[in-house]
Structure formats: C-alpha cells, structure tokens
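Peer 1: What follows is a single structure, and I will ask about it in a moment.
The values are calculated or read from the model by the stated rules, or taken from the named source; none is laboratory data. It should be emphasised that the depicted structure is a prediction, and the values quoted were computed from it without experimental measurement. Neighbour counts run over all protein chains shown; Cβ positions are idealised from the backbone, glycine included.
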Amino acid sequence: MMPPATITVWISVIAVLLSVARGSEEPSVSATITPSRPNTAEGIVATEDSPVTTRVPSEDGQRSEDVPHDFVISIDEPMWRKWGFEYPVTYVFRVSDISRKTTVLRRSADSEPWRPLERKTSEDFFNGDECVRFEPDKMRAYVSVGFGKTNLIRLQFVDAGTVTFDEAAKYYDARKAAYTLSNDNWGRKSGANPGAPWRGITDDASDKYQASVHACRMYHLPVSIGVNSRMYGKQAIWERMQEELDRGDRSWEPVVHTRRHPGSVKTYSADGYSQEIVGCSDDILQNLRSIPYGQHVFEFILPYGYQDDAVERAAAGEFLFVRDWDGRDHPTSIDYVPWNSEHRYYGIGGFQTKSYDPVMEARRPKGRYYAKDVAVLNEAFDAVYRQGGIFYAMWHADRYENSVLYDSRSGVDGVAGSTLMQHFAHVANRRDVWYVANGWLYSYRYVAQHAKVDGAVQESQP
C-alpha cells in the first residue's frame, strides 16, 4: 500500500491533467499601463493613471481579447455652464491595435446609451464634426468630441488593444494650419441693405451681409460676422440672419460688434460701455436661435479697433475672444493670442494676418478681379500655411457691390470675376487645413488648454 502522502500527490497530478484537458482553469486578467508623455503645447499632462485596455484570454486559452475601457474627459463646471464648449476638440490617443472593427463610443452621462463616433479618413473633408480618425501606421487615434449635457465626456475604445492618452491637438483633427475669417458691420450702414429680401448673391439689392454668408458657404468657409444690433434693419435684419442659421450647416457665427459702433470715450459714454458691448450680446441671444455649437456669443470685435480700460472691464468674463483691428497687415499674427487672466478672455489681439480691404478697395469697381491682387492674397495665405500657423482674415462687405465682389465668373483683369472669390477658391477645401469661425477657434483653445483626461493633471496657465 502506498503511503498517504504519495496518494495525495497522485490525486493532485491527475486533477491538474484533467483541468488542462478540459480547459477549465479560471482565466487570469492582466493589464498593461503605458505612461503618456506631457502635452507641452496645450498644458495637459497624462499620468500613469491614464486609462488602459485590459486583455482577457479567450476560451481557447491561446489569444487575448480586448475588454473595452472608459476614458473620462472633464472641464471646469462654471466655465462649461457659461460656454457649453460644444465645438469638438481633438484628443490624440496611442493605440496598439487598429483594425476595421476598432470603434470609439461616447456619452455624456452613465444614464445615456453609448453612441459610436463616425469614422473619418484623411481623404474626407470635414470640420467641426464629432468623429474619430485612425492612423494605423502611426498607431494614433484622433478623437474629436465636444461637451454636451454635462461637463464630462465618457469615451470607450473597442477592439483597440492598449490605448493611452497622448495630448490635445493644437488644431482640430491635428491639421497642419488653420484659416479663420470674419466680416464686420452687419446692420451698421443703410447702404448695405440690412434686412432686404433675398434676391440672389450677385443682386445689388440683396442684403450685402446675407450675400457674404452665401459666398463663404460656396467654399465651405465658416465666417464670424460682427453685428451692430441697434442701427439699421430693425426686425427684418434678424429675419435674414435667422434664415441663414436655419440652414443648419454651421456656415456662420454671430458675434458682437456693439450696438452702435462707438469708437471713442464720447460715443461709448452716450449709452454706457456695458450697454454697447454686453447689450449687443443680449440682443443677439434674444433675437436669434439655433446658433451653432450652442446659444453663446463667444467673440467681441472692437469697432475701429478702439480700446481703453473701460472697454476691457465691460468685456471682462463676457467673451472668450476679444479681437483687435487696425486695417493693416500683420504677417506675424499667425498664432493663438494669450489668455488675459485679469479680464478672463483671450486677447485683446488676433490682428488680421493680411488685410483684404486695402487690396480690393484699390480697384474700380472695388473688388474686381485682377490677377496681381489674387496673387498677393494667395501668397500671404501660402506663407502661413507653410509655417503651420493661423491665418486671420477679415473684410467689410458694406464697402462693395454684390454684383462685383461675388462674381464667380473666370477672372479677366478689370472686366469680370472677383479677387475675393478667386482667393477663396485657392484657400478652400484643403483636407489639412482647419476652417473655423473666430469664436469656435477660441472655444477649442480653451478646452484644449484646460480639459482633464482621466488621470491627467493641469499645468499652470501658459
């Protein structure tokens, strides 16, 4: 008879052999943590607490399967309540396994169902969309999402292997360069036909600013339009604006240009700084609905470029971006302007990189096509594009006739065509350029600098 100890050993051996034969061992779970590098450009740093993908052995005990894992993006609640931050910001993730099955889901709260993000490629043309774009060769996922019902965004990667947050991209979808366009004075001059019934883009009886929206829409160039809310047009001007917002194509953004376009202490003092500046914002929000990316007015463009301490105090905390203007070229104005911590906005800054009006107004009729003029504007844009910068553009639609400025015919010097339209054709529809209205540009900037991604921590304000 075998000793009891020997019997126990044989029983243990047999049990192990049977367990292996039947594949009955309990699966073990392992996780890989890959620390993310600092996002020095945007001020977000991911720590070793950044999310990872968990791998679980499959039933055959041979290969591993991905278990989805959540990332949580958050922004400070008071600023979210004021600004919404619906414009999508691009978060870059390192992803070890990218296939046709790889999916990114999003939701704003645990009570909401998961929604898959639309998958885009580098061959698609898109701006301001919530989506994901994968670059398998670089093992990167570019996830573009905006905030919704809460100040949280929950992401979930499926069939992606190991996933680590890297950084918030400087530009939407990690584009090479950006183009941001504005147009001042909707409502300021009676000669611009504010509120006139629509008769077509090249009809001189049409509202010149409504015509400008149509021109920008033709080239997929979203535009910020500075509104003077208590001058000309009355209710009809709001109706023309609303017609363009109701298209739902995010083609333009209403921004503050004050109620009556003051440019001195005397003219500001007539009704008061706050009434002119904040009152204009109130007028916009009371008269317009369906403003893209939420009912917010993100930007104030200074009339005449005039500024003093009282202007800064009245605008403090009321806008994300306060934009300057002086009518001249500023070829070095190609980056984000810094945050003003005292007045709680970006600016005052954002001078036009190339001033369109001096070039186009030098011709008769104003804005008529001349190949030399088109080349000047195109070269200015190309220089910024090569540097990977932001091209700030601006013009005033009330200085031109619709029949000339929006003439889309082939250009013949002094005879046919439009310098602006030919320039737009050169600038537009590039897949590596981000086309964005001014206010949306700085909504993106704020979130990119302040959002926290799971275990990420915020560095000091640059």
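Peer 1: Tally time: how many residues in segment 364-406 are in contact with a Pro (Cβ under 8 Å, 6 or more places away or on another chain) and without any contact (Cβ under 8 Å) to a residue 40 or more places away in the chain?
Peer 2: 1
Peer 1: Say we look at segment 144-166 and pick out the residues that are in a loop (DSSP other than H, G, I, E, B) and of a type outside the set (Gly, Ala, Ser); which of these is surrounded by the most Cβ atoms within 10 Å (Cβ to Cβ)?
Peer 2: Here is the first cut: in segment 144-166, the ones in a loop (DSSP other than H, G, I, E, B) are 146-151, 159-162.
Add one more test, that the residue is of a type outside the set (Gly, Ala, Ser), and what stays is 147, 149-151, 159, 162.
Details: PHE147: 25, LYS149: 10, THR150: 15, ASN151: 19, ASP159: 15, THR162: 20.
Going through the qualifying residues, I end up with PHE147.
Peer 1: So, in segment 362-410, how many residues would count as being of a type in the set (Ser, Thr, Tyr) and closer than 30 Å to TYR442 by Cβ?
Peer 2: Step one: filter segment 362-410 for residues of a type in the set (Ser, Thr, Tyr), giving 369-370, 385, 392, 400, 403, 406, 408, 410.
Checking the rest, the ones that are also closer than 30 Å to TYR442 by Cβ come to 385, 392, 400, 406.
Selection size over segment 362-410: 4.
Peer 1: Right, here's the next one. Please verify whether ALA141 is touching a residue at least 24 places away in the same chain (Cβ under 8 Å), in a strand (DSSP E or B) and either among the small types (Gly, Ala, Ser) or within 30 Å of GLY233 (Cβ to Cβ) (or both), treating the condition exactly as stated.
Peer 2: Numbers: touching a residue at least 24 places away in the same chain (Cβ under 8 Å): yes; in a strand (DSSP E or B): yes; either among the small types (Gly, Ala, Ser) or within 30 Å of GLY233 (Cβ to Cβ) (or both): yes.
So ALA141 passes the test.
Peer 1: Within segment 172-223, restricting attention to residues that are of a type in the set (Val, Ile, Thr) and not in a loop (DSSP other than H, G, I, E, B), which residue is nearest to VAL89 (Cα to Cα)? Before you say what the answer is, go through the steps one by one.
Peer 2: Our first condition is that a residue be of a type in the set (Val, Ile, Thr); within segment 172-223, this holds for 180, 201-202, 213, 223.
Okay, now just the ones that are also not in a loop (DSSP other than H, G, I, E, B), so 180, 213, 223.
Details: THR180: 16, VAL213: 25, VAL223: 19 Å.
So, considering only residues that are of a type in the set (Val, Ile, Thr) and not in a loop (DSSP other than H, G, I, E, B), the one nearest to VAL89 (Cα to Cα) is THR180.
Peer 1: Let me ask another. For the structure I just gave you, tell me whether ASP308 is of a type outside the set (Val, Ile, Thr), in the same structural domain as ASP407 (by TED's automatic domain parsing), farther than 27 Å from VAL427 by Cβ and surrounded by fewer than 18 Cβ atoms within 10 Å (Cβ to Cβ). Break it down into steps so the answer makes sense when it comes.
Peer 2: Working: of a type outside the set (Val, Ile, Thr): yes; in the same structural domain as ASP407 (by TED's automatic domain parsing): yes; farther than 27 Å from VAL427 by Cβ: yes; surrounded by fewer than 18 Cβ atoms within 10 Å (Cβ to Cβ): yes.
Taking the combined requirement at face value, the residue satisfies it.
Peer 1: Of everything in segment 77-135 that's over 30 Å from SER281 (Cβ atoms) and small (Gly, Ala, Ser), which residue is surrounded by the most Cβ atoms within 10 Å (Cβ to Cβ)?
Peer 2: Per the criteria, the residue is SER96.
Peer 1: Still on this structure, I have one more. So in segment 174-214, with the set limited to residues that are buried (at least 24 other Cβ atoms within 10 Å of the Cβ) and of a type in the set (Asp, Glu), which one is nearest to the chain's Cα centre (by Cα)?
Peer 2: Looking at the filtered set, the residue picked out is ASP184.
Peer 1: Could I ask something else about it? Would you please name the residue that is farthest from ASP335 (Cα to Cα), looking only at residues in segment 392-409 that are more than 28 Å from the chain's Cα centre (by Cα) and among the small types (Gly, Ala, Ser)?
Peer 2: For segment 392-409, the residue satisfying everything is SER403.
Peer 1: Give me the residue from segment 221-269 that is more than 13 Å from ASN287 (Cβ to Cβ) and basic (Lys, Arg) and, out of that set, surrounded by the most Cβ atoms within 10 Å (Cβ to Cβ).
Peer 2: Among those that are more than 13 Å from ASN287 (Cβ to Cβ) and basic (Lys, Arg), it is ARG260.
Peer 1: So, in segment 270-289, of the ones that are more than 12 Å from VAL311 (Cβ to Cβ) and among the polar types (S, T, N, Q), which residue ends up surrounded by the most Cβ atoms within 10 Å (Cβ to Cβ)?
Peer 2: For segment 270-289, the residue satisfying everything is SER281.
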